[in-house]
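As C-alpha cells, the structure follows; a few thoughts come after it.
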Amino acid sequence: MNVLQVSAEIFPLLKTGGLADVAGALPGALQSVDCQVRVVLPGFPAILADLTDVHVLAELSAPWGEPLRVLYGRLKTLGVNAYLIDLPHLYHRPGSPYEDAWRHPYADNHRRFALLGWVAALLAHGLDGHWQPQVVHSHDWHAGLTPAYMAFMHHQSMRVATVFTVHNLAYQGVFSPASFYELGLPHSAFGVNGVEFYGQVSFMKAGLYYADHITTVSPTYAREIQTPAQGCGFDGLLRTRASALSGILNAVDDAVWNPATDPHVTDRFDADNTAGKARCKAALQADLGLSVQADAPLFGVVSRLTDQKGLHLVLRALDAILSRGGQLVLLGTGEAHLEALFKARAAQYPHAVSVRIGYDEAYAHRIFSATDVTLVPSQFEPCGLTQMYGLKYGSLPLVHRVGGLADTVVDCSLENLADGRANGFVFDDFSQQALERAIARAFALYARKSEWDAVRAHGMRQDLGWQGAARQYAALYQHLCA
Ligand code: ADP
C-alpha cells in the first residue's frame, strides 16, 4: 500500500506542537505494517537542509501563476522519501512557520499552504511517473485543500483514497473570500457544499468536506467535535459525516521518548529501577535554584501557553501546590499575558517555582524525567501528548477529563487503585476548585509511597507505542481502497 503523507511540520526537522511528533513517527510506524510512505512538505529551510539525493521532479506554475519546483529526495534524519515544494520567497522566513515576529499570521498563508495541497493532489494524479500513491493522508488545515484539489482533478487513471486527520479543530485556516480566486478551484467549490465557511474560505472545512474519511486523534475528541460546544462551527458538517469519521489515538515514539535511552536526561531509568529518576529530580531542582528536596512533589508543565491549555487554572491553584510544600517547573511559550503572569510567580517564589519562556526540546525531556506530576488541565485537548510522555517518564499526569486526556489517563480513585488500572489524576469540572481537589489527591497519594510507586510503575509499563495506531490506519486505508 503506497501512502502519501501531507503535513506542514515533521519532527525533528520542524515542530511547533504535537502535529510534528505524529507526522515524524507515522511514516516509520506505517512501514512496519507494510505501508510504503512518502511525505510531501513545504520547502522550509530546516527541511530542505535535510534532503539528500535531491533531484528536480517537476517545474510547475502555481494556480496564481508563480513558478516553483518540486524536489524529490530522501530526508536523511528520518530515512523517509520526500517531495518538497521549493519556492524560497514563500517558505524561507525566520521563526515560526506560520506567523511573523509579532505573532501575526503571514498575509500570504493561503498561498503558502494551498501549494501544499495542490502539489499533493498532483502527486496523487501521476506527477511522479515512478510512484503512485493509493492513499493520500493529509493533516490539519495546512494540508486541508488536498482532498478538495483531488476532487476536481479529472482524467485520473485510478481512484486515490483521501484521509484527512484533524489534530486541532480550533485552527481552521480561514481566509478572505478574495483569496479563493487565487486557489485555482472551480467557482462551484465556494459554497456551503465546499470550502466556504460563513462567507470566508476555510482550509479545514475543505478537508472535512472533501476527504473520503476523516480521522481525529482520539475517540473521545471524535465524539466531542460533533457537538456545538466543541465543534468550532463545524459540528453540523461533522454530524452529517459521522459515518466517515473516527478517532485513532495518538501514540508515543519510543525511539524519542524513552527514559531508559534518552540522551537529554541527567540519569537514565526505567520502571524496574527508578533511582535515576530521583537523581534527575535533584539535579533539576539544583540547576533551577529550587530547594533540593526529594520529598517535595514536583509538578511540571510543558506546553504552548494558550487559553486552550487551561493554564490560568494552574496560576489560580498554584497556592494549593505551594502551601502543601510542592514545587512547579514550567516550560512554555505563547500568549504574552500568560508568560508575564507565570514569570511573576517565579519571581515571587524563586525556591519553589521555575518558569522558562521559550521552546526547548531537550529541556522538555529533562522536565518529564524529573517531575512527579505532569499537569495538563486543558479546556479541550484533541489527544495531548505530554500526558503520555509523563506516563512514560514516571511523572503521573493530572488532567481535565476531555478529549484524548480522558482516553489515556485513569484516575486514582479507590476502585481504580484496587483494580491496578490507575495511572494519574482526572478532574471533571473545568474549574479552579476541581483542579485543587485533584492536586489534593495527588498529595495524598504521594504521601503513601508504596501506592505511588505502584501507580507510577503501571504507567511506565503501559504500551503507548505506535504499533496499534499504525494497524488501525492501515486497516482504514485497506477499507477505503477496497
Ligand atoms: P499541542 O499540539 O496542542 O501543542 P500536544 O500535547 O499534542 O499539544 O503536543 C505538544 C508537543 O510540543 C509535545 O511534544 C511537547 O513536549 C512539545 N512542547 C510544547 N511546548 C514546548 C516547549 N515550550 N518546548 C519544548 N517542547 C514543547
>> Which residue is surrounded by the most Cβ atoms within 10 Å (Cβ to Cβ), if the candidates are limited to the range 88-129 and must be among the small types (Gly, Ala, Ser) and out of contact with any Gly (no Cβ under 9 Å at 6 or more places or on another chain)?
In response: Ala120
> For Ser202, are the conditions met, namely being surrounded by 14 or more Cβ atoms within 10 Å (Cβ to Cβ), among the polar types (S, T, N, Q) and closer than 12 Å to His110 by Cβ?
Replying inline: yes
> In the range 311-330, what count of residues is obtained for those that are more than 15 Å from Val373 (Cβ to Cβ) and either within 16 Å of the ligand (Cβ to nearest atom) or assigned to a helix (DSSP H, G or I) (or both)?
Replying inline: 4
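Here is a check on your reading of the model: is Ala178 assigned to a helix (DSSP H, G or I), assigned by TED's automatic domain parsing to the domain that holds Gly43 and without any contact (Cβ under 8 Å) to a residue 12 or more places away in the chain?
Details: assigned to a helix (DSSP H, G or I): yes; assigned by TED's automatic domain parsing to the domain that holds Gly43: yes; without any contact (Cβ under 8 Å) to a residue 12 or more places away in the chain: yes.
Yes; evaluated as a whole, the condition is true for this residue.
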> If you take the residues of the range 344-373 that are part of a helix (DSSP H, G or I) and within 10 Å of the ligand (Cβ to nearest atom), which of them is surrounded by the fewest Cβ atoms within 10 Å (Cβ to Cβ)?
Replying inline: Ala362
>> Report every pair of residues separated by at least 6 positions or lying on different chains whose Cβ atoms are under 6 Å apart, first residue within the range 380-405 and in the same structural domain as Gly310 (by TED's automatic domain parsing) and free of Cβ contacts under 8 Å to residues at least 60 places away in the same chain, second in a loop (DSSP other than H, G, I, E, B) and surrounded by fewer than 24 Cβ atoms within 10 Å (Cβ to Cβ).
In response: Arg401/Asp428
>> Report every pair of residues separated by at least 6 positions or lying on different chains whose Cβ atoms are under 7 Å apart, first residue within the range 97-110 and free of Cβ contacts under 8 Å to residues at least 40 places away in the same chain and over 16 Å from Glu182 (Cα atoms), second of a type in the set (Gly, Ala, Ser) and in a loop (DSSP other than H, G, I, E, B).
In response: Ala101/Gly95
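Answer yes if at least one residue in the range 204-213 is at negative phi and free of Cβ contacts under 8 Å to residues at least 40 places away in the same chain, and no otherwise.
Quick first cut of the range 204-213, residues at negative phi only: 204-213.
Those still in the list that are free of Cβ contacts under 8 Å to residues at least 40 places away in the same chain too: none.
Within the range 204-213, not a single residue is at negative phi and free of Cβ contacts under 8 Å to residues at least 40 places away in the same chain.
Only helices (runs of 4 or more DSSP H) wholly contained in the range 196-241 count here; list those with 1 or more residues that are within 16 Å of Gly173 (Cβ to Cβ) and among the aromatic types (Phe, Trp, Tyr). Steps first, please.
On the way: elements: 203-210, 219-224, 235-240.
Result: 203-210.
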> Pairs under 8 Å by beta carbon, first residue on the phi > 0 side of the Ramachandran plot in the range 34-51, partner buried (at least 19 other Cβ atoms within 10 Å of the Cβ), six or more apart or different chains?
Replying inline: Asp34/Ala474
> Among Leu78, Leu90, Leu4, which is the only one that is out of contact with any Lys or Arg (no Cβ under 8 Å at 6 or more places or on another chain) and under 23 Å from Asp140 (Cα atoms)?
Replying inline: Leu78
> Restricting the search to the range 285-309, which residues are away from the ligand (no atom under 16 Å from the Cβ) and either in a loop (DSSP other than H, G, I, E, B) or without any contact (Cβ under 8 Å) to a residue 40 or more places away in the chain (or both)?
Replying inline: Ala286, Asp287, Gly289, Leu290, Ser291, Val292, Gln293, Ala294, Asp295, Ala296, Pro297
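Residue-wise test of (1) out of contact with any strand residue (DSSP E or B) (no Cβ under 7 Å at 6 or more places or on another chain); (2) buried (at least 21 other Cβ atoms within 10 Å of the Cβ).
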{"site": "Ala151", "(1), (2)": "yes, no"}
{"site": "Phe164", "(1), (2)": "no, yes"}
{"site": "Phe180", "(1), (2)": "no, no"}
{"site": "Ser188", "(1), (2)": "yes, no"}
{"site": "Val195", "(1), (2)": "no, yes"}
{"site": "Gly207", "(1), (2)": "no, yes"}
{"site": "Ala211", "(1), (2)": "no, yes"}
{"site": "Gly236", "(1), (2)": "yes, no"}
>> Looking at Ala62, Ala49, Ala82, Ala20 in this structure, which one is modelled with pLDDT of 95 or more and within 16 Å of the ligand (Cβ to nearest atom)?
In response: Ala20
>> Here are the criteria: (1) without any contact (Cβ under 8 Å) to a residue 12 or more places away in the chain; (2) closer than 30 Å to His104 by Cα; (3) touching a helix residue (DSSP H, G or I) at 6+ places or on another chain (Cβ under 6 Å). Tell me which single one Ala336 does not satisfy.
In response: (3)
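Quick test for you: out of Thr261, Thr333, pick the one residue that is among the hydroxyl-bearing types (Ser, Thr, Tyr), part of a loop (DSSP other than H, G, I, E, B) and within 26 Å of the chain's Cα centre (by Cα).
Values: Thr333 fails: part of a loop (DSSP other than H, G, I, E, B).
Of the residues listed, the single one that is among the hydroxyl-bearing types (Ser, Thr, Tyr), part of a loop (DSSP other than H, G, I, E, B) and within 26 Å of the chain's Cα centre (by Cα) is Thr261.
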> Quick check: is even one residue across the range 360-380 among the small types (Gly, Ala, Ser), modelled with pLDDT of 95 or more and out of contact with any helix residue (DSSP H, G or I) (no Cβ under 6 Å at 6 or more places or on another chain)?
Replying inline: yes
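Counting just the residues of the range 139-195 that are hydroxyl-bearing (Ser, Thr, Tyr) and in contact with a helix residue (DSSP H, G or I) (Cβ under 7 Å, 6 or more places away or on another chain), which one comes out farthest from His125 (Cα to Cα)? Break it down stepwise before answering.
Initially, the range 139-195 is screened for residues hydroxyl-bearing (Ser, Thr, Tyr), giving 146, 149, 157, 162, 165, 171, 176, 179, 181, 188.
Next cut, in contact with a helix residue (DSSP H, G or I) (Cβ under 7 Å, 6 or more places away or on another chain) only: 146, 149, 162, 171, 179.
Working: Thr146: 12, Tyr149: 10, Thr162: 12, Tyr171: 28, Ser179: 25 Å.
Among residues in the range 139-195 that are hydroxyl-bearing (Ser, Thr, Tyr) and in contact with a helix residue (DSSP H, G or I) (Cβ under 7 Å, 6 or more places away or on another chain), the one farthest from His125 (Cα to Cα) is Tyr171.
The values are calculated or read from the model by the stated rules, or taken from the named source; none is laboratory data. Predicted model, so just to flag it, every value in this text is computed and none were measured. All Cβ positions, even for glycine, are placed from backbone atoms using ideal geometry, and neighbour counts span all protein chains on display.
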